[in-house]
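Okay, structure first, notes after.
The values are calculated or read from the model by the stated rules, or taken from the named source; none is laboratory data. It should be emphasised that the depicted structure is a prediction, and the values quoted were computed from it without experimental measurement. Please note: Cβ atoms are built from the backbone with ideal geometry, for glycine as well, and neighbour counts cover all protein chains shown.
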Amino acid sequence: MNKKEIKQTLLNSNLNKIITVGLLVALILMVAGFLVNAARNNVALDIEELEENTLGLKELYNTLKSTGNSIIFLLSYLGIFILILVPVAGVIFTLAYFTSRKNLKLSLISTGVLLILILSAVIGFIRI
């Protein structure tokens, strides 16, 4: 193996670890939230209510502020939040890797992807 292949393998293995651990943690939290909810016999779902109900910052704050169901919601929402952050963590790692290797072109591309992810998160919280 030459030096370039070793660097590529290092990037791929570290990125693989970040994505795998993030997905496993998110899956465990979401399954735990579902099981706790199922154990409390609150499994009934109204599809129309779910379609109309999106969680904005205000609703998230009110949900976390209430003490009744906060553990159940926290487990499920934390799992979803981690699932959303996994690609962001991968892009941040890739940006740090390419910046440390002084690869300007790929650092700029990673920065652009990170900005698009941040912009999409901000737009996602805006309600029309």
Next on the checklist: I'm checking my understanding of the structure. Among residues of region 105-128 that are assigned to a helix (DSSP H, G or I) and of a type outside the set (A, V, I, L, M, F, W, C), which one is nearest to V36 (Cα to Cα)?
Outcome noted: G124
Item to check | Every residue from region 95-128 that is under 24 Å from I6 (Cα atoms), in contact (Cβ under 8 Å) with a residue 60 or more places away in the chain and not charged (D, E, K, R) | outcome: Y97
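Sort through L27, L55, L119 and tell me the only one that's touching a helix residue (DSSP H, G or I) at 6+ places or on another chain (Cβ under 9 Å) and at pLDDT 70 or above.
L27
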Next on the checklist: Of the conditions (1) part of a helix (DSSP H, G or I); (2) at pLDDT 65 or above, K102 satisfies every one except a single condition; which number is it?
Outcome noted: (1)
Checklist entry - Could you list, in sequence order, the residues of region 93-112 that are surrounded by 16 or more Cβ atoms within 10 Å (Cβ to Cβ) and either within 28 Å of L24 (Cβ to Cβ) or of a type in the set (A, V, I, L, M) (or both)? => result F93, T94, L95, Y97, F98, S110
Item to check | Residue within region 33-41 that is of a type in the set (S, T, N, Q), modelled with pLDDT of 70 or more and under 14 Å from F93 (Cα atoms) present | outcome: no
